[in-house]
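Colleague: What follows is a single structure, and I will ask about it in a moment.
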Amino acid sequence: MFKRSLTFAFFLLAAWFVFLAAGRIIASAPLSSRFSSSVAVYDANHNLLRLTLSADQKYRLWSPLENISPLLVQAILLHEDRHFTSHFGINPLSLVRAGWETYFAGGRRMGGSTITMQLARLIYHINSRTLPGKLRQIFCALALEFCHSKDEILEAYLNLVPYSRNIEGVGAASLIYFGKTADRLSLPEALSLAVIPQSPFRRTPDRLSGGALADARKALYEKWRKKHPGGQMDAALVNLPLVARDTPELPFLAPHYVNALLARHRRGEKSEIIGTLDLRMQRIVEQNIRAYVLRRSRDAIRNAAAMIVDSRTVDVKAQVGSADFFRKDIQGQVDGTRAKRSPGSTLKPFIYALGIDQGLIYPMTMLKDAPLVFGSYNPENFDGRFEGPISAKDALIRSRNIPALWIASRLAHPSFYEFLKSCSLSGLRSEKHYGLSLALGGGEVTMAELVELYAMLANRGVFKPLRYCRADPIGEGVRVLSPEASFITLDMLKDNPRPGRAMRCGGPSGSMPPVSWKTGTSDGFRDAWAVGVFGPYVMAVWVGNFKGEGNQAFVGLKAAAPLFFEIVDALKARGWDLTAPPRPRPANVSRVEVCSVSGELPGPDCPHKKWTWFIPGKSPIKVCDIHRRVAIDDKTGLIARSPFHGPIHTEVFEFWPSNMLKIFQQAGIPRRLPPAADPGSAVDVTAASGNPPKIISPVNHLTYALRSSGGENRTIAFRAVTDADVREVYWLLDESYVGKSGSGEPFFWTAKPGDYVLRAVDDRGRSDSRELKVSLVQ
C-alpha cells in the first residue's frame, strides 16, 4: 500500500513539473480567456436592460479587479484567506489543521483551501474531497501561483466563485441580487456576497431576510469590526434586512434594441455594453404603441413599430420593433425597425431636395399634377385624382405622385437612385430594375435607414450612420445634400398639417412643437408610415403586419400619423424638452416675395403675393407674366381696338400657357381669363407682348423614319404651347402653309421624306420654329 502511494506521489510530482513548464508557456494568456462571459446591456443612464447567459449557460459577468468594491475584496479575503497576499498558493498550517480535524480528530470536515486552491478546483474541476484530488489541487494551485500574479488569481476567483443556481462570480451576483455593479456595493451587501459561496444553497437570496445567511453575515461582521473598529453606523446597517432579487426578476427590456446590440457583439469583447437608448423614452413609446393597437384593433391594426433618434448625435433613443415581443400571432419577435419594407411616399422629400439642389425647383415652382406618361409607365395619384397646377411645396405636402415623378425624371448627377446608394441603403437592385417607381416606394428600406435619411435633413445634408452603442465612433459624416436644400425641404415639411385627431388629443396647437413630417402608404395597403423631425429628435412610425397582408386601414395619414403625434404629445406631456436645436438659415438661402398664383417674382399687375425661400443663382425663378393689364371696350366687353375709340377701362387677367390652362380646366379650377379681342383689332401692347408659342412636337433634333413599304400611320402630330390670348395656331413648312389648329390642340400632318423648317405662328403674330427631318427606310 505504501509503495503504491509513493509511486502515485512521484507520478504527481512529475506531472506537476510538466504542468509548470506548459503553464509557463501559456502564462501570457489571461485567465479570463478560458471562460465565456455573460453580457450586461445598459441604457445610456446605466439602467440594466438585460443580462445574458454565458456560452455554458451561466450568469458569469467577468469584472476586472479594479471594478470590484474594495469592501467586497476585503470581506472575501477576511472570510476565505487572510494570508492570501503572503502565501505561495497553499497554507501549510491550514492544511495540517484541516487534515487533523478531518481524518484524525473526528471533527467536522475542513478544507484548508486557500483562494488559489479554490480557484484551481474551479478551473480544473477537481474533486478535492479525496486525497489524490487534494494533492492535485495543491499542485495546480502552485502552478497558478507560478504562472500568474496575485491580482490575476484574485480577479479570477472573484469571477468564478459559485453563488446559488447558475450564478458565478461577484459581478453577476451583485447585478442579480442587488441591481448594481460590483463597484457600488454597500458593506452589508459586500458581507453577504462574501459568505454565500461557502454554502450557496442554504444562503440563497430568498433567505436574505434571516436564517443562515443573516447569521453568517453577522458573524463575518464581528471579524470585520475587530479589524475596522468604530463603525457604529455599519453595525446598524448590517442588522437591517436586505432586499434582493433573483434570476427570475432580471429585466428583459427593449428586446429588439438589445438583440440588435448583441448581434454586433463578438465573443471576447467587453462583457458590458452601454447603449444610447433612453429607457424612460422607450417605455413611453411602448406604452403608446400598446394602447394605440388596442384601441385600433377594430380596424384590424394589431402591430406597430417605432424608432426615435437624437438628430444631434444620431443616437438611438427608443427602438420598438413590434407591439408585443412575446405575441406569436403578430410575429412579435420580428424587428420592424430592421425589416425591409416598402416606404411608400416617405422618400419624396429627398426627390424635392435633390430638385432644389439641382436648380429644378424652389418651394413655389408651379408643377403639373395631371395625367402624364413616362414611356410605358402610366402613374396615378393615390386618390386617383389630379389637382392641376400646384406649387412644389403643396405637391410635397399633399404627396402628389405626378409632380414627384416629373422631378425624379429630370434628376442627374446624382439621380435619385445614385443618391440612395450614397446614403448606404442596402439591398438595392440595379437602377434599371426600378426606373421611376423607386420614387413612389418601389424599393425597400428599413425603418433605421429611413430615420438616417431624415436625420440627414436635420443635420443640414450630412449623412451619418446611427449610433446604437456609446462606444460607437461619432464620425463627421458624408455630405449628400447641400445645407440650402436640406433647410428648405425641412421648412416645407413643417407646414404639413397634423391629423385632426392628434391635434385634439394634444391640446392647443400653439403649445405643440413644430414638426417636419411626411407619411407613406405602400402599394396594396401593406405598410403605413409616418416619419418626421421634431425638436432635436427624428422619429419613424410603422403600422402593418409582418405577413405582408394588405389592409385598407393601413394608410399613412390615417393609421401611422395619429400614433406618431400621440407619441410626440406624450413626450411633451411627460416634460421632455422638445426645443429644436439651433438650425440657422444657410447664408445662401434668401427669402423673396412672389406671386401667390404663379409662384414667380411679382410683376406690376400681380394682385396677391406671398413669401418663399430660394437659392440665388440656382433656383429657376423669373418675373411673373401671367397677370397682365389690358384695355377693355366698355361697349363690347372685348379687348379694345388700338387706337382706342370710345370709352374703355383696364382690367388684369391671367394669361396662362395653353398646356397649363388645359390642366386647370381638367382639374375644374376656374381662372380669370382674358376676353376675346375685337375682330381685326390690334391688341393693346400690354397684351401683345405675351409669350410666343413653343413647339413641343415634333421633337427637336430627331429624325422621323418612314418605311418604304407604307401601311403604317404616316402622320406626325404638331403641337405647341401657346399664351392665354391665343385662339389659333398656324403651321408652316418651309414658309408654306399646311394647316391650323386650335390653341392647345394638335395638327396632324401627313409626313413626306425631306428636310424642313417647321414654324408655328399664333394669331397674335408670335412664332417659334425648329428643324424637322423625315427619312425613308427600307
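The values are calculated or read from the model by the stated rules, or taken from the named source; none is laboratory data. Since the structure is predicted, the reported quantities are computational estimates derived from the model, not experimental observations. Virtual Cβ from ideal backbone geometry, glycine too; neighbours counted across all protein chains shown. Only protein heavy atoms, including side chains, enter the accessible area calculation; ligands, DNA and RNA are left aside. Shrake-Rupley method; radii C 1.70, N 1.55, O 1.52, S 1.80 Å.
Colleague: Where the convex hull is taken over the Cα atoms of the stretch 112-223, what is its projected area averaged over directions, in nm²? Show your work: numbers first, answer last.
Modeller: Numbers: hull surface 30.1 nm².
Approximately 7.5 nm², given one-decimal rounding.
Colleague: How far apart, in nm, are two points set 7 Å out from the Cα along the Cα-to-Cβ line at Ser424 and at Lys740?
Modeller: 6.5
Colleague: Over all distinct alpha-carbon pairs, what is the Kirkwood Rh of the stretch 430-563 in angstrom? Present the calculation step by step, with values, prior to reporting the outcome.
Modeller: On the way: mean 1/r = 0.0609 Å⁻¹.
After inverting the pairwise mean of 1/r, the radius is 16.4 Å.
Colleague: Sticking with this one: Among Lys368/Lys518; Lys694/Lys740; Lys328/Lys464; Lys317/Lys340; Lys348/Lys558; Lys432/Lys494, which pairs are too far apart, with a Cα-Cα distance over 23 Å? Walk me through the numbers on the way to the answer.
Modeller: Details: Lys368/Lys518 21 Å; Lys694/Lys740 15 Å; Lys328/Lys464 35 Å; Lys317/Lys340 21 Å; Lys348/Lys558 19 Å; Lys432/Lys494 33 Å.
Check vs 23 Å cut-off fails for Lys328/Lys464; Lys432/Lys494.
Colleague: Another question about this same structure. Note down the net charge around Ile402, summing +1 for each Lys or Arg and -1 for each Asp or Glu among other residues with Cβ under 10 Å from its Cβ.
Modeller: Summing Lys/Arg as +1 and Asp/Glu as -1 gives -1.
Colleague: Using only Cα atoms and rounding to the nearest 10 degrees, what angle (0 to 90) does helix 70-80 make with the longest principal axis of the chain?
Modeller: Value to nearest ten degrees: 30.
Colleague: Give me the base-10 log of I(q)/I(0) for the stretch 590-661 at each q in 0.16, 0.17, 0.28 Å⁻¹, Debye formula, one uniform scatterer per Cα, rounded to two decimals.
Modeller: For the requested q values the scattering log ratios are -0.67, -0.71, -1.18.
Colleague: For helix 348-357, what angle does its Cα long axis make with the longest principal axis of the chain, in degrees from 0 to 90 and rounded to 10?
Modeller: It works out to around 70 degrees.
Colleague: Could you give me D for the stretch 530-612, from Stokes-Einstein at 10 °C and 1.306 mPa s, where the hydrodynamic radius is the Kirkwood radius over C-alpha pairs? Units µm² s⁻¹, please.
Modeller: On the way: Rh = 16.8 Å.
The diffusion coefficient I find is 94 µm²/s.
Colleague: Could you rank the peptides 113-124, 541-552, 646-657, 314-325 by their average count of other C-beta atoms within 10 Å per residue, with the highest value first? Please report the intermediate quantities before stating the final value.
Modeller: On the way: 113-124: 22.9, 541-552: 20.2, 646-657: 15.9, 314-325: 24.6.
Those peptides, ordered most packed to least, come out 314-325, 113-124, 541-552, 646-657.
Colleague: Identify all lysines with a Cα-Cα distance to Lys58 below 22 Å; exclude those on the same chain that are fewer than 8 residues away in sequence.
Modeller: Those lysines meeting the cut-off are Lys180, Lys270.
Colleague: I'd like the GluC sites (Glu not before Pro) in the stretch 245-343 restricted to DSSP loop residues with at most 14 other Cβ atoms within 10 Å, sorted by number. Spell out each step's value before the answer.
Modeller: Numbers: sites: Glu249, Glu269, Glu272, Glu286; in loops: Glu269.
Those that pass, being in a loop and sparsely packed, are Glu269.
Colleague: Which order do Ile407, Ile669 take by accessible area at a 1.4 Å probe, largest first? Walk me through the numbers on the way to the answer.
Modeller: Values: Ile407 0, Ile669 55 Å².
Final ranking, largest accessible area leading: Ile669, Ile407.
Colleague: Give me the compactness ratio for the chain, meaning the Cα radius of gyration over 2.2 N^0.38 Å.
Modeller: Details: Rg = 40.1 Å, N = 778, 2.2 N^0.38 = 27.6 Å.
Normalised by 2.2 N^0.38 Å, the Cα Rg of the chain equals 1.45.
Colleague: What is the helix-to-structure angle for 561-573, meaning the angle in degrees between its Cα long axis and the longest Cα principal axis of the chain, kept from 0 to 90 and rounded to the nearest 10?
Modeller: Once rounded, one gets 60 degrees.
Colleague: In addition: Using helices alone, I'd like the mean residue ellipticity at 222 nm for the chain: each DSSP H run of four-plus residues gives -39500 (n - 2.57), total over residue count, nearest 500.
Modeller: Working: 23 runs with 246 residues, N = 778.
Helix-only estimate at 222 nm: -9500 deg cm²/dmol.
Colleague: With viscosity set to 1.002 mPa s and temperature to 20 °C, compute the Stokes-Einstein D of the stretch 114-175, Rh being the Kirkwood radius across alpha carbon pairs; µm²/s, no decimals. Numbers along the way, then the final one.
Modeller: Working: Rh = 12.0 Å.
Reported coefficient: 179 µm²/s.
Colleague: Any idea what the relative contact order of the chain is, in percent, if you count C-alpha pairs under 8 Å spaced at least 6 apart?
Modeller: Working: 1468 pairs, mean separation 66.7, N = 778.
Reported relative contact order: 9 percent.
Colleague: Where does the charge balance sit around Ile115 when Lys and Arg score +1, Asp and Glu -1, over other residues with C-beta under 13 Å from its C-beta? Display every interim value, and only then the final one.
Modeller: Values: positive: Arg82, Arg121, Lys150; negative: Glu80, Asp81, Glu145, Asp151, Glu152, Glu155.
Local charge sum for Ile115: -3.
Colleague: In debye, nearest 20, what is the charge dipole magnitude of the chain about its Cα centre with +1 on Lys and Arg Cβ and -1 on Asp and Glu Cβ, if you could check? Intermediate values should be presented prior to the final figure.
Modeller: Values: 98 positive and 73 negative charges, 642 e Å.
Charge dipole of the chain: 3080 debye, to the nearest 20.
Colleague: Oh, and also: Give the Rg/Rh ratio for the stretch 305-413, taking Rg as the radius of gyration of the Cα atoms and Rh as the Kirkwood radius, to two decimals.
Modeller: On the way: Rg = 18.2 Å, Rh = 16.5 Å.
Ratio of gyration radius to Kirkwood radius: 1.10.
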